[in-house]
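Enquirer: I have a structure here, written as structure tokens, and I will follow up with some questions on it.
Where a number appears in this text, it was derived from the coordinates with a stated rule and is not lab data. All figures in this text were calculated on a predicted structure; none of them were measured in a lab. Positions of Cβ are generated from backbone atoms using ideal geometry, with glycine treated the same way; all protein chains shown enter the neighbour counts.
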Amino acid sequence: MACSLKDELLCSICLSIYQDPVSFGCEHYFCRKCITEHWSRQEPHGTRDCPECRRTFADPLLSPSLKLSNIVERYSAFPLDAILNAQRSSYPCKDHEKVKLFCLTDKSLVCFFCDEPALHEQHQVTTIDEAYEEIQREMKEQLATLQDSERGHTEALQLLQRQLTETKSSAKSLRATIGDAFERLHRFLRERQKSMLEELEMDTARKLSDIEHKIQRYSQQLRDVKEGIQILQERLNETGRHDFLEGVAVTSERIKGKIHETNLTYEDFPTSKYMGPLQYTIWKSLFQDISPARCWLSGGRALSWPPLTACQMEQLVTIHHQQLPEMQQRHSSHHPLLSLMVPAALTLDPITAHQRLILSDDCTIVAYGNLHPQPLQDSPRRFDVEVSVLGAEGFSSGVHYWEVMVSEKTQWMIGVANETVSRKGSIQIQPSRGFYCIVMHDGNQYSACTEPWTRLNVKSKLEKVGVFLDYPKGLLIFYNADDMSWLYTYREKFPPKVFPYFSPGQSHANGKNVQPLRINTVRL
């Protein structure tokens with residue numbers, strides 16, 4: 001049936017669907033263009049024939065067939081198989097029986113007779129049943145997607161709610177921690193103020209007592225001196241020489257003890273003890289009062305801690321990385337010390353140093369030497385290609401913090417290394433090889449030595465780098481030690497023992513990168 005219908009809509013000249021169908025006296029139809037071109041090939045003034053029935057016409061008049069044009073247009077707009085299937089549909093158009101269709105493109109019901117065909121030209125039109133199956137399939141897929149999204153949003157909201165609760169709890173804990181820390185500082189300052197004031201009162205009382213005692217003594221001496229002056233003046237007023245000389249012995253006896261030497265000098269009050277850089281003096285006493293800060297961990301080993309308390313450091317790092325679910329686990333750890341800390345003492349191990357590296361006598365400074373390699377004894381512990389050196393002390397537990405001066409350098413590498421890392425030949429500095437470092441390269445670029453490297457967001461050139469190692473929690477955090485702004489965090493299950501790692505980089509003939517790396521120590 002479909003083929004027969006299509007055959008009826010084909011022009012017998014071009015064998016295609018009618019384009020502007022016309023007739024001219026017989027019952028056959030042709031495309032206007034096709035019949036015009038057919039006649040143009042005949043004699044200029046001869047008769048015109050019908051290519052179908054061969055009937056001739058003297059001067060045929062081409063008449064358009066609007067009904068046939070409408071059928072052709074609708075046939076082109078709506079697939080024939082959909083039209084034929086729609087005749088068996090149980091969803092007829094209210095005006096035209098059994099011709100209800102569905103346009104998948106417009107997602108709307110259409111009728112072969114009612115709707116304008118041009119509105120659905122080149123659209124995907126099908127039957128109600130097929131459209132129902134297709135839309136059902138699409139909606140089920142959308143439903144599954146929405147259900148996945150619902151689960152994801154539900155889990156996200158649960159996570160956010162947990163984060164909200166934990167953030168409030170953490171903020172409350174931090175407020176208490178900060179309040180306790182400042183209360184201890186305030187208490188110390190109040191006690192220091194009271195002590196200084198009491199000391200000032202004691203010094204003042206002693207000084208006043210001494211001055212009053214001297215006033216009394218010098219007042220008495222002054223009276224003696226005046227009395228002696230009067231005695232001598234009376235004797236000098238004697239006119240007779242016999243009388244004058246007769247009383248000399250008595251006069252000498254009377255003026256004994258009346259002559260006193262005046263050797264008093266002005267003694268200033270000890271104001272320098274309470275003036276000058278008073279704030280610095282108090283800060284220094286405060287720093288000395290809490291240093292060295294030590295904490296006894298499991299096994300009785302004393303370890304130094306970083307400038308912040310362990311609890312504060314953990315919470316600040318956790319909040320920074322927005323990994324609040326871990327905070328509750330961190331809060332479960334008990335930290336016996338909640339006080340200010342100072343950086344740990346740290347030195348370099350000469351046995352591990354590359355032959356071109358020069359270490360200071362106290363093993364706190366390392367620089368690259370442009371001289372020939374030093375005649376050092378080879379050792380399995382010594383780096384022979386990478387210009388590197390390890391710290392003298394390794395860490396297998398506890399929390400540690402140290403700082404390294406890197407100012408004016410154009411290349412360096414700092415971090416920690418596994419005790420068993422390869423030290424011979426060319427080495428890849430990356431976590432899978434046992435190295436956890438950050439690097440300064442190309443003069444002003446900073447990266448973490450991950451796989452691949454991770455570029456660090458450093459706003460200004462680093463002068464001093466802080467390294468914080470929390471071995472039990474697998475945290476290695478790098479800071480700009482000048483303002484304690486965060487640089488990068490490694491989260492690893494560290495090997496049994498790690499050592500601080502340093503590489504000053506190679507110096508260049510143009511004088512660049514000749515400055516050393518210096519382990520920073522706190523100086524008052």
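Enquirer: Using 0.36 nm per residue of separation minus the Cα-Cα distance, give me the extension gain between ASP210 and ARG162 in nm, one decimal. Write out the running numbers ahead of the final one.
Expert: On the way: separation 48, 0.36 × 48 = 17.28 nm, distance 7.06 nm.
Computed gain between ASP210 and ARG162 is 10.2 nm.
Enquirer: Next question, about the same structure. Using only alpha carbon pairs under 8 Å that are at least six residues apart, calculate the relative contact order of the stretch 131-273 and give it in whole percent.
Expert: Worked out over the stretch 131-273, it gives 19 percent.
Enquirer: Please list 249-262, 225-238, 428-441 highest first by mean number of surrounding beta-carbon atoms within 10 Å per residue.
Expert: Highest mean packing first, the order is 428-441, 225-238, 249-262.
Enquirer: Sticking with this structure for a sec: Assign unit charges at the C-beta atoms only (+1 for Lys and Arg, -1 for Asp and Glu), then state the dipole size of the stretch 350-520 relative to its Cα centre in Debye, rounded to the nearest 20.
Expert: Dipole of the stretch 350-520, to the nearest 20 debye: 340 debye.
Enquirer: Convert 20 °C to kelvin, take the viscosity as 1.002 mPa s, use the Kirkwood radius over C-alpha pairs of the stretch 131-273 as Rh, and evaluate the Stokes-Einstein diffusion coefficient in µm²/s, rounded to a whole number.
Expert: Reported coefficient: 83 µm²/s.
Enquirer: A further question follows. Please enumerate, by chain and number, the lysines with C-alpha under 29 Å from the C-alpha of LYS473, excluding those fewer than 8 residues away in the same chain.
Expert: Straight-distance partners of LYS473: LYS168, LYS172, LYS459, LYS464, LYS493, LYS497.
Enquirer: Taking amide H positions as placed in the peptide plane 1.01 Å from N, state which residues far from TYR488 in sequence (5 or more) or on other chains have amide H under 5 Å from it.
Expert: The answer is PHE478.
Enquirer: Using modelled backbone amide H atoms (1.01 Å from N, in-plane), which distant-in-sequence or interchain residues come within less than 5 Å of SER23's amide H?
Expert: Counting only residues 5 or more places away or on other chains, the set is SER63, SER65.
Enquirer: Hey, another quick one. Check SER388: other-chain or 5+ apart residues with amide H under 5 Å from its amide H, H built from backbone geometry?
Expert: Residues meeting the amide H criterion: HIS354.
Enquirer: To the nearest 0.05, how large is the calculated FRET efficiency for GLU183 and ILE282 if R₀ is 25 Å and r is the Cβ-Cβ distance?
Expert: On the way: r = 17 Å, r/R0 = 0.69.
Rounded to the nearest 0.05, the efficiency is 0.90.
Enquirer: Using the Cα gyration tensor of the stretch 350-520, with a ≥ b ≥ c the square roots of its eigenvalues, what is the shape: rounded (a/c below 1.5), prolate (a/b larger than b/c) or oblate (neither)?
Expert: oblate
Enquirer: Still on this structure: How far apart, in nm, are the 7 Å Cα→Cβ label points at ARG190 and GLN147?
Expert: Those two pseudo-labels are separated by 6.5 nm.
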